[in-house]
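Contents: one structure, followed by commentary.
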Amino acid sequence: MASAADATVTADGRPKYILAVDIGSTTMRCFAVDANAKFVASAVQPIDTQLPAPGHVELDPEMLWSRFVTVVKDAMKSADIAADQVSSLGIATARGTFTSWHRETGEVLHPFISWQDTRSAELAKSWNKSFFFRALAGSSRVLHTVTQANRFLAMALIEFKAYHMCIRCQWVLQNIPRAQDLANQGQLMFGTIDTYLVWRLSGGKVHATDASNASATALYDSFSMSWSTPCCKLMGVPRDSLPRVCDTSSHICTCDEDIFGGPIEVHCVVADQQSAAFGQMCWNSKQIKCTIGTGSFVDVATSSPHASGSGL
């Protein structure tokens, strides 16, 4: 029999495993890893992308949820493990892809809008050219000169792009009347893929994300490590519609036991680029990781929140 302090085996001596799910743009994979960090099984499911109109790139939330559950179950079956043998579930996802839903009923208002979607490109351009935005950038430059605070440098150099979730959130609020109605009632919830999956896994009890995913929204202040009230007000996105930001590695939620045949704890949600950087030991300041997949991305490790003088 196992001792109470032994976290690598169950009470009756069966080995425990970690399940890691990687959700990309075209496929999702689940890996089962043993106590010695060795892969023992894996499973894969495709992700179907919808292109309903020029510039629109969408994912069906129900398809994504169904295939997520399937890929986890397939990996568990391949490894011949039960839910009580899973010590932790971690989820890595592509950043910036999001949907919105009704807080009380869970009704999804629209498909996931992918990070590749460009429907809000004109909206982003109009913001960047607006007098208000230029005045904000100018005053931020003055404040940075006076205070030397990097957060003002970041505000001075930011330029909205279609891939910024905040611009697509504003597009949703402007073009889907039900979304604005729910926002006015305090019943709207926004969430990236990780947030939506945690919501479903927890039976609608937990609305959460981590900083690596939140930072892709242009609504998150990395200097205070919290949602930016000024940015939320500027974009018309209610703060209460955004998820709680948890530590990347922490107890995120416990899965409803009906999903996998027992309660499984989610102990990590993380963006795929940052996950890959950590996995390849890009831990120290100034180390660089290049991720090449559907897109190509360069991530630089910094010892503290950083504002690029080049506008990166």
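The values are calculated or read from the model by the stated rules, or taken from the named source; none is laboratory data. Since the structure is predicted, the reported quantities are computational estimates derived from the model, not experimental observations. Neighbour counts run over all protein chains shown; Cβ positions are idealised from the backbone, glycine included. Surface areas here come from the heavy atoms of the whole protein model, side chains and all, with no ligands, DNA or RNA. Shrake-Rupley method; radii C 1.70, N 1.55, O 1.52, S 1.80 Å.
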Between residue 34 and residue 233, what is the spin-label point distance in nm, taking each point 7 Å from the Cα along the Cα→C-beta axis? 5.7 nm
Highest mean packing first, using Cβ neighbours within 10 angstrom, the peptides 42-55, 240-253 sort as 240-253, 42-55
What is the dipole size for the chain, taken about its Cα centre, with +1 at each Lys and Arg Cβ and -1 at each Asp and Glu Cβ, in debye to the nearest 20? 1220 debye
Filtering GluC sites (Glu not before Pro) in the stretch 42-109 by DSSP loop and by at most 16 other Cβ atoms within 10 Å leaves 104, 107
Between residue 256 and residue 102, how many nm apart are label points set 7 Å from Cα along the C-beta direction? 1.6 nm
Report the extension gain between residue 285 and residue 126 in nm, rounded to one decimal, defined as 0.36 nm multiplied by the number of residues separating them, less their alpha carbon distance. 53.6 nm
Within the stretch 82-119, list the residues whose amide N lies under 13 Å from a label point set 7 Å along Cα→Cβ of residue 298. none
Can you pull the percent of the chain's accessible area that's carbon plus sulfur, 1.4 Å probe, other chains left in place? 54 percent
How many nm separate the modelled label positions at residue 7 and residue 53, each set 7 Å beyond the Cα in the direction of the Cβ? 4.9 nm
Could you work out the helix-only [θ] at 222 nm for the chain, with each DSSP H run of four or more residues adding -39,500 (n - 2.57) and the total divided by the number of residues, to the nearest 500 deg cm²/dmol? -9500 deg cm²/dmol
In the chain, lysine pairs closer than 15 Å at Cα, eight or more apart or cross-chain: 4
So what is the accessible area of the chain per residue, in Å², with the probe set to 1.4 Å? 49 Å²
For the chain, return all DSSP H helices satisfying: extent of Cα atoms along own axis at least 18 Å; mean Kyte-Doolittle hydropathy at least 0.5. 131-147
Who wins for biggest fluctuation among 219, 197, 182 in a Gaussian network model of the chain, springs between alpha carbons below 10 Å? 182
Hz values of 3J(HN,Hα) by residue in the stretch 11-19 - Karplus curve (6.51, -1.76, 1.60), Gly and Pro given as x: 4, 9, x, 7, x, 9, 9, 9, 9
Once normalised by the length of the chain, the mean sequence separation of its alpha carbon contacts under 8 Å that are 6 or more apart gives a contact order in percent of 16 percent
By per-residue mean of other Cβ atoms within 10 Å, what is the highest-first order of 9-17, 227-235? 227-235, 9-17
Can you compute 3J(HN,Hα) from phi for each residue in the stretch 245-253, using the Karplus curve 6.51 cos²θ - 1.76 cosθ + 1.60 with θ = phi - 60°, rounded to whole Hz and x for Gly and Pro? 9, 9, 4, 4, 10, 6, 7, 8, 6
